[in-house]
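Taken together, the values in this text are just the output of simple stated rules run on the coordinates, not laboratory data. Only a predicted model underlies this, so the values are computations on that prediction, with no experimental measurement involved. Here the Cβ is made from the backbone with ideal geometry for all residues, glycine too, and neighbour counts use every protein chain on show.
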Amino acid sequence: MMMSKNLFLAVMAFFLISFATANMNNGVQNAKTDLQIPDADKPDGGTDPKSDFAGHITQNTVWTEDMLITGDVWIDAGITLTIFPGVKVKFAYIDANANGIGDLNFYINGQLFAQGTPENKVYFMAQRTTPTTKDWVGITYGTPESGQLSTLSNVVI
């Protein structure tokens, strides 16, 4: 049976990501935290993410566990962020100017590779139990046409 080109590429990407994950420590982007989310703000009655992040992603990085975004995030030009299936990227509600709209944004100037599965999706979501459309700004794609294209599949935003 002949494997389709897309299936072959998907299998190769999986093996490359698996190899990269086994051979790197995920950089400082996966620093552990003692940050606690109030029970009322936990989505789906879930647990606190094990890691939190805010700032620039300056090296190729792999997220394999839930992340709490506590400030703006930038994937810098030429850099790839890979998010594994089942990971929930949760945005803290921060409203510094008290206008009722969350301030956090996720900027893609490099490449985002988030490929969930139908059974194990990747989620970009508010951390609060009862989210609104104003909890966080969103995802801003700024990669130029000459840059690497991002891939999002089986992702819920």
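Relative to the current alpha-carbon distance between residue 76 and residue 54, full extension at 0.36 nm per residue lengthens the span by 6.6 nm.
The 3J(HN,Hα) values that the Karplus relation (6.51, -1.76, 1.60; θ = phi - 60°) gives for region 127-142 are, in residue order, 6, 6, 4, 10, x, 10, 6, 9, 6, 8, 5, x, 10, 10, 9, x Hz. Gly and Pro appear as x. Contact order, relative form, for region 75-157: 39 percent (alpha carbon pairs under 8 Å, 6 or more residues apart, mean separation divided by residue count). Proximity of backbone amide H atoms, modeled 1.01 Å from N, is registered between residue 60 and 80 at under 5 Å, excluding neighbours fewer than 5 places apart on the same chain.
Rounded to the nearest 0.05, what FRET efficiency do residue 132 and residue 156 have when you use their Cβ-Cβ distance and R0 = 22 Å? It comes out at approximately 0.85. What would the Debye equation give as log₁₀ I(q)/I(0) for region 60-144 at q = 0.18, 0.20, 0.22 Å⁻¹, counting only Cα atoms as equal point scatterers? Each listed q corresponds, in turn, to -0.79, -0.95, -1.10.
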